[in-house]
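Following: one structure in structure tokens, then a few remarks.
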């Protein structure tokens, strides 16, 4: 798509609401080798190029202990994405589906998640592999891989008695 009015056959767009209902603090920026959407890969790969996640002050203090995790979930804001298309027709297959049935960056709230491999920490910067966003993308949040926090099954009544 090259302009706001470009829609593929079967796609539908809406007028966006006049105001938002929540606020997000961008806690940093992501630095990648890709200057625009055309150069950016469709999906990140854990063996992809090194990228830098720059966490701004005062949020950088929240990085303490992150080195203990190999995999980190990165949440970021797709700041150049359209937000008004409800039904999309991906160019790869030509079928039309709702935005919530696709992994497209075009969505009402363009928040992306990507699991990345932590290569190293350099102060307020995380060097990672696996991103799929353009250079300068706003950072929303970071979380250790959820598998590292899988809760243990509760003990069964009577277990260990006897």
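Bear in mind these aren't lab numbers, they're just calculated from the coordinates by the rules spelled out. Because the structure is predicted, anything quoted here is derived from the model rather than measured. Virtual Cβ from ideal backbone geometry, glycine too; neighbours counted across all protein chains shown.
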For this session: Determine, from the Cβ-Cβ distance of residue 67 and residue 22 and an R0 of 35 Å, the FRET efficiency 1/(1 + (r/R0)^6), rounded to the nearest 0.05.
Result: 0.65
Seminar exercise, completed: Rounded to 0.05, the calculated FRET efficiency for the beta carbons of residue 7 and residue 135 at R₀ = 25 Å is 0.35
Exercise. With no solvent and one point per C-alpha, what does the Debye sum give as log10 I(q)/I(0) for the range 1-120 at q = 0.17 Å⁻¹?
Worked result: -1.03
Exercise. Hey, rough spin-label estimate for residue 121 and residue 37, points 7 angstrom out along Cα→Cβ, what's it come to in nanometres?
Worked result: 3.5 nm
Problem set entry | Choice from 51, 40, 133 showing the highest fluctuation, given a GNM over the chain with Cα pairs closer than 10 Å | 40
